[in-house]
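Q: Have a look at this one.
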Amino acid sequence: MNKKFDIAKVCEKLSVIESDNDVFHFSKKNEKTPSVQRLKIIVDVLREIIFPGYFADEHLNRDNLSYYMGVNLDKVFQALSEEINRGLCFNCSSQNEQCTYCLDDCRDLTIQFLEKTSQIERNSKNRCTSFI
Ligand SMILES: [Zn+2]
């Protein structure tokens, strides 16, 4: 069989919107969706925070550990709150270019999450034993 691929026909069928369903998402003005690539970076930095010295290139010691944690927590705070904001605004009804409702919520959620990282109990082999 030597069937011809009719791109225009397939494209036309895929572009038909029969009803308001969840398959399509039309972005609001300047809305950005969550980035899988940025979420991966956030997870990498969180690993450095939870298991200091195991995943980073920096030389850690007792003198620079607090600075190292602060820098990484700030990195995660900025990036994670942005990604949470994008996720919240994905479905919110605000038509404002800068949605203040989601902005407040994303900061609160990020703070709650990052405060919980300090509650992780590690055993002598640096394994997480609980995460409240
Ligand atoms: Zn919003």
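The values are calculated or read from the model by the stated rules, or taken from the named source; none is laboratory data. Only a predicted model underlies this, so the values are computations on that prediction, with no experimental measurement involved. Here the Cβ is made from the backbone with ideal geometry for all residues, glycine too, and neighbour counts use every protein chain on show.
Q: Among what's in the range 87-102 and is assigned to a helix (DSSP H, G or I) and either within 6 Å of the ligand (Cβ to nearest atom) or of a type in the set (S, T, N, Q) (or both), pick the residue that is farthest from Asn30 (Cα to Cα).
A: Checked the range 87-102; the qualifying residue farthest from Asn30 (Cα to Cα) is Tyr101.
Q: For a quick check of your reading of the model, give me the residue pairs whose first member lies in the range 91-120 and is touching a residue at least 24 places away in the same chain (Cβ under 8 Å), whose second is in a loop (DSSP other than H, G, I, E, B) and within 15 Å of the ligand (Cβ to nearest atom), with beta-carbon atoms closer than 7 Å and at least 6 apart or on different chains.
A: Gln95/Lys28; Glu97/Lys29; Glu97/Asn30
Q: Could you list, in sequence order, all residues of the range 68-88 that are among the hydroxyl-bearing types (Ser, Thr, Tyr) and modelled with pLDDT of 95 or more?
A: Ser81, the sole residue that qualifies.
Q: I've got another one for you. Any residue that is surrounded by 12 or more Cβ atoms within 10 Å (Cβ to Cβ), of a type in the set (Gly, Ala, Ser), more than 10 Å from the ligand (Cβ to nearest atom) and free of Cβ contacts under 8 Å to residues at least 24 places away in the same chain - is there at least one of those in the range 55-68?
A: Yes, there is a match, as at least one residue in the range 55-68 is surrounded by 12 or more Cβ atoms within 10 Å (Cβ to Cβ), of a type in the set (Gly, Ala, Ser), more than 10 Å from the ligand (Cβ to nearest atom) and free of Cβ contacts under 8 Å to residues at least 24 places away in the same chain.
Q: Based on this model, can you work out whether Arg62 counts as within 22 Å of Glu121 (Cα to Cα), modelled with pLDDT of 90 or more and over 25 Å from the mean Cα position of the chain (by Cα)?
A: Working: within 22 Å of Glu121 (Cα to Cα): yes; modelled with pLDDT of 90 or more: yes; over 25 Å from the mean Cα position of the chain (by Cα): yes.
Yes.
Q: Same structure, new question: What number of residues within the range 103-112 satisfy the criterion of being more than 15 Å from Pro34 (Cβ to Cβ), away from the ligand (no atom under 14 Å from the Cβ) and surrounded by 12 or more Cβ atoms within 10 Å (Cβ to Cβ)?
A: 1
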